[in-house]
1. Just checking, does the range 48-56 include any residue being touching a Lys or Arg at 6+ places or on another chain (Cβ under 7 Å), hydrophobic (A, V, I, L, M, F, W, C) and surrounded by 16 or more Cβ atoms within 10 Å (Cβ to Cβ)?
2. Among the residues of the range 30-83, write down those that are assigned to a loop (DSSP other than H, G, I, E, B) and either closer than 15 Å to Cys19 by Cβ or acidic (Asp, Glu) (or both).
3. Can you tell me which residues in the range 59-78 are basic (Lys, Arg) and exposed (fewer than 11 other Cβ atoms within 10 Å of the Cβ)?
4. Do any residues in the range 19-43 that are farther than 11 Å from Phe74 by Cα have Cβ atoms under 8 Å from those of residues that are surrounded by 16 or more Cβ atoms within 10 Å (Cβ to Cβ) and among the acidic types (Asp, Glu), where the two are at least six apart or on different chains, and which pairs are they?
Amino acid sequence: MHILGLALICFWFGFAESCQKVCAHNFKPMCGHDGKCFTEAVNACQMRNINCVRIAKRKPVFKKLHLGACQRYFTICKMLPED
């Protein structure tokens, strides 16, 4: 029992430290801007996950520009695996 409890605690703290928080499946798109280009997220939770990774990699975060999709003429950031 103690080993299972310890394993659950370790899992919880490891998950809490992760940038990939579990997000609801609500579709409320938002457009964000980092000063150079734009990105779209399915919802605010996904935008927080994206920004968490960018902070860890010392890249500029996306600030909410507006709710809804980004305009077609905006320069969309290429989200590479290292982003």
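1. no
2. Of all residues in the range 30-83, those assigned to a loop (DSSP other than H, G, I, E, B) come to 34-37, 42-43, 57-62, 68-75, 77-83.
Those that are assigned to a loop (DSSP other than H, G, I, E, B) and either closer than 15 Å to Cys19 by Cβ or acidic (Asp, Glu) (or both): Asp34, Lys57, Arg58, Lys59, Val61, Phe62, Met79, Pro81, Glu82, Asp83.
3. Of all residues in the range 59-78, those basic (Lys, Arg) come to 59, 63-64, 72, 78.
Within the range 59-78, Arg72, Lys78 meet the criteria.
4. Pro29/Glu40; Met30/Glu40
Bear in mind that the values in this text are calculations on the coordinates, not laboratory data. Keep in mind that this is a model prediction, so the values were computed, not measured. Please note: Cβ atoms are built from the backbone with ideal geometry, for glycine as well, and neighbour counts cover all protein chains shown.
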